Amino acid sequence: MKKPELLAPAGTFEKAKVAFMYGADAVYAGTSKLSLRTRTTMEFDDLLNTVKLAHSLDKKVYVAMNVYARDNEYDLIKKEASYLDEIGVDGIIVADGGVAEVVKEYAPNTELHISTQANVCSLHTCNFWYKNGANRIILARELNKDEIKYITQNKPNGLDIEMFIHGAICYSYSGRCYMSDYMAGRSANHGDCAQPCRWAYNLYVEEKNKPGEMMPVEYDEKGTYIFSSKDMCLLNDMPTVFDIGVDSLKIEGRLKTEYYLATVVNAYRHAIDDYAQNPNTWNPDKYMKELDKARTRGLTTFYFNDKYNPDIQDYDGKQINPDYEFGGVILSTDLQGVSTVEIRNKLSVGDTLEVMIPNKLEPYTFTIDKLYDMETNEEISNVNPGVKEQKVKMKIPTDVGNGYIIRRVK
């Protein structure tokens, strides 16, 4: 049985380390100016370190240059393409035909991947890009399972197919949106989306015989989230995903936290491996139980099973799981078994924590017995995150490693 690559987002070098630790086969990142997530902080030194780490683990790094470029940006595109080729990234992701031509010339040793922003919806378009040097197509998210399977069964040999399986969905067609540029002066197509589709709105209607007399449309105290979509989740559809035969399964979220990344990657890693090993006894419930701990919105299969799926819009807005939150990251552990933890939310003696152990689906659960001040080593009852990174010492009654993620059970 063909096991697809699990591809995770890496907005920073630290997030790349987390993704690899919890099971990603590859990560995708972006330069600070030429990808569609310019608020990530993956600068050139971070990219170089990410590539070195990935290759030492026999894993891969793909870099997005999927901006829709103006002519005055091509000198920078040439410079960055040459640099990415030099440091040995495994693929460069583009959406613009002009950028693709430049990448082929200035990064001749690097695979060319066609972004979901290019709206590849058909085998014909796959063939076009393959003839023009593409090694991989990242399909438009609007395709359903039958359309994807037709492409995978008829694509040219040597052309990889990648699809999204989890994460936020843009309200606009494959992210081709001008709403942010219009409302906030921040161009989504140049990587600086303000996400106005996630904002709450107040609506009014006007009766045609009473011009100027505006009547409010009913909504709750939060307003109404008429543009906000649920997050895609295809974990329950893993048998169908395997049957389709795509080469890479992609998780969205370069701006998400390390906690979100670790939780989602870990759940899909085990779901993929367990299904590949024994599909007859595979059950998604235990993976969904873990995945749900990092849920930020409602979940939907989008158009994967039904291109007329009515269950897409997230009218309730953001939905953070009330039972779990990001506790912290383990930085180090001394010979006495006392760990230094960089906290992300308030921690108190008596709190229940879960340590996410790489290569294990179920976390290790314990209760904080004692906390120690970083500077004085004196016992304290609680610690709060401040403006700067806040650290605390605690004893964790199991073997842990640097970079392990901790959840707080609220």
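Look at (1) at pLDDT below 95; (2) under 16 Å from Leu361 (Cβ atoms); (3) open to solvent by 30 Å² or more (accessible area, probe 1.4 Å) and you find that Arg295 fails only one, number (2). Out of all the residues in the range 298-317, which are polar (S, T, N, Q) and at pLDDT below 80? Selection gives Gln313 alone. Of all residues in the range 188-199, those that are farther than 19 Å from Val94 by Cβ have Cβ atoms under 6 Å from Cβ atoms of residues that are open to solvent by less than 30 Å² (accessible area, probe 1.4 Å) and at pLDDT 70 or above, 6 or more apart or on another chain, in Ala194/Ser180; Pro196/Ser180; Cys197/Ser228; Arg198/Ser228.
Selection of the range 326-349 for residues being among the β-branched types (Val, Ile, Thr), assigned to a strand (DSSP E or B) and under 16 Å from Ile380 (Cβ atoms) yields Val338, Thr340, Val341, Ile343. Tallying residues that are surrounded by 19 or more Cβ atoms within 10 Å (Cβ to Cβ) and under 18 Å from Pro4 (Cβ atoms) within the range 273-290 yields 2. Test Thr152 against the criterion of being in contact with a helix residue (DSSP H, G or I) (Cβ under 9 Å, 6 or more places away or on another chain), among the polar types (S, T, N, Q) and open to solvent by less than 40 Å² (accessible area, probe 1.4 Å), and give yes or no. It is true that Thr152 is in contact with a helix residue (DSSP H, G or I) (Cβ under 9 Å, 6 or more places away or on another chain), among the polar types (S, T, N, Q) and open to solvent by less than 40 Å² (accessible area, probe 1.4 Å). For the range 352-401, the set of residues classified as acidic (Asp, Glu) and either open to solvent by 70 Å² or more (accessible area, probe 1.4 Å) or more than 26 Å from the chain's Cα centre (by Cα) (or both) consists of Glu362, Asp369, Asp373, Glu375, Glu378, Glu379, Glu389, Asp399, listed by residue number.
The C-beta contact set for the range 119-147 (first residue under 13 Å from Phe302 (Cβ atoms), second residue of a type in the set (Asp, Glu) and buried (at least 18 other Cβ atoms within 10 Å of the Cβ), distance under 8 angstrom, 6+ apart or interchain) comprises Leu139/Glu162.
The values are calculated or read from the model by the stated rules, or taken from the named source; none is laboratory data. Quick caveat, the model's predicted, so the values are computed rather than measured. Heads up, the Cβs are rebuilt from the backbone with ideal geometry, glycines too, and the neighbour counts pull from every protein chain shown. These area figures cover heavy atoms from the full protein model, side chains too; ligands, DNA and RNA do not enter into them. Shrake-Rupley method; radii C 1.70, N 1.55, O 1.52, S 1.80 Å.
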